[in-house]
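The values are calculated or read from the model by the stated rules, or taken from the named source; none is laboratory data. What you see is a predicted model, and the numbers here were worked out from it, not measured in a lab. FYI the Cβ positions are ideal-geometry reconstructions off the backbone, even for glycines, and counts take in every protein chain you see.
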Amino acid sequence: MAQNPEAAKRVLGVYGAGQVEPGMVLGIGSGTTVDAFIDALGERLRHAPFSLVCVAASEASVARARAAGVPVQAPESLGVLDLAVDGADQVNPERVMIKGGGAALVRERLVMSQARRALILVDSTKLVPRMEQVTVPLAILPFAWPATLARIQEVTPEAYLRQVDGHPVMTDDGLYLVDAHVDDLPNPEDWHAAVKMLPGVVDTGIFAGFPAEVVVSDGEAVWPLEPCQA
Ligand code: 5RP
């Protein structure tokens with residue numbers, strides 16, 4: 001299968017924008033695929049304006065949306081969403097996702113949890129038959145972070161604070177990130193439950209149990225992920 005992730009993002013962005021209906025309350029996730037969705041939605045609104053209420057899961061998405069002419073409200077207005085559109089880093093055949101590569105996992109889970117319908121847009125390189133050799137982002141409190149990291153390493157030894165130029169990467173909510181490298185994750189939900197309960201851990205990047213529609217593109221075609229397809 002030919003794979004062109006950058007073209008796929010554009011194709012998926014247009015597909016996602018086509019799923020938005022006038023009057024919807026829309027949740028917008030974060031990441032480069034979501035950026036393509038925002039741009040395509042802005043383009044659609046420019047050509048044929050309609051009313052829309054949106055909340056976005058990251059400050060970057062808020063800025064992108066405003067620049068594209070997509071109206072965004074404060075997150076405090078977050079009620080039930082008709083549709084949430086987001087990306088993912090990996091998706092397995094059971095539609096369990098790893099998210100958080102872009103550091104917005106906490107807000108993304110909130111947005112997805114509020115949605116009647118969740119649409120996940122992924123290029124075909126993100127599909128995995130099983131979760132092996134994966135990196136799962138975790139959001140942790142900065143307070144006493146070395147102790148939290150040590151607790152995480154008791155579960156998953158290869159876990160490291162995410163840093164750029166020697167400084168911890170901070171989320172929009174002032175949290176730090178840990179990237180946990182796991183050889184094999186046969187039960188991602190169990191791992192999520194075990195790690196999320198550790199003191200200092202706010203959330204993990206394992207997203208399971210959402211009634212999410214996963215839509216895939218290789219840069220040309222667009223298709224829904226069927227459970228046995230990855
Ligand atoms: C950010 C996310 C993103 O949705 C995920 O990292 C995918 O990003 P991209 O579309 O840039 O590949 O979970 O926290």
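Below are the figures for this structure:
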quantity	calculated
Residues of region 198-211 satisfying the condition of being in contact (Cβ under 8 Å) with a residue 24 or more places away in the chain, closer than 20 Å to residue 93 by Cα and in contact with a helix residue (DSSP H, G or I) (Cβ under 8 Å, 6 or more places away or on another chain)	204, 205, 206, 207, 208, 210
Selection from region 180-201 of residues that are more than 22 Å from residue 129 (Cβ to Cβ) and in contact with a Leu (Cβ under 8 Å, 6 or more places away or on another chain)	195, 200, 201
Residue check, residue 156 within 16 Å of the ligand (Cβ to nearest atom), in contact (Cβ under 8 Å) with a residue 24 or more places away in the chain and either over 23 Å from residue 126 (Cα atoms) or not hydrophobic (A, V, I, L, M, F, W, C) (or both)	no
Set 172, 190, 179: member being out of contact with any His (no Cβ under 8 Å at 6 or more places or on another chain), part of a loop (DSSP other than H, G, I, E, B) and among the acidic types (Asp, Glu)	172
Condition met for residue 57 (of a type outside the set (Ser, Thr, Tyr), within 16 Å of the ligand (Cβ to nearest atom) and under 12 Å from residue 121 (Cα atoms))	no
Region 23-35, subset surrounded by fewer than 24 Cβ atoms within 10 Å (Cβ to Cβ) and in a helix (DSSP H, G or I), residue nearest to the ligand (Cβ to nearest atom)	32
Exclusive hit being touching a helix residue (DSSP H, G or I) at 6+ places or on another chain (Cβ under 6 Å) and of a type in the set (Val, Ile, Thr), set 111, 72	72
Hey, residue 205 among the small types (Gly, Ala, Ser) and surrounded by 14 or more Cβ atoms within 10 Å (Cβ to Cβ) or not	yes
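Listed here are the residues, each with its yes/no results for (1) touching a helix residue (DSSP H, G or I) at 6+ places or on another chain (Cβ under 7 Å); (2) not hydrophobic (A, V, I, L, M, F, W, C); (3) not assigned by TED's automatic domain parsing to the domain that holds residue 124.
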{"residue": "180", "(1), (2), (3)": "yes, no, yes"}
{"residue": "193", "(1), (2), (3)": "no, no, yes"}
{"residue": "196", "(1), (2), (3)": "no, yes, yes"}
{"residue": "213", "(1), (2), (3)": "no, yes, no"}
{"residue": "216", "(1), (2), (3)": "yes, no, no"}
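Conditions (1) without any contact (Cβ under 8 Å) to a residue 60 or more places away in the chain; (2) in contact with a Pro (Cβ under 8 Å, 6 or more places away or on another chain); (3) in a helix (DSSP H, G or I), marked per residue:
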| site | (1), (2), (3) |
| --- | --- |
| 21 | no, no, no |
| 60 | yes, no, yes |
| 72 | yes, no, no |
| 85 | no, no, no |
| 93 | no, yes, no |
| 102 | no, no, no |
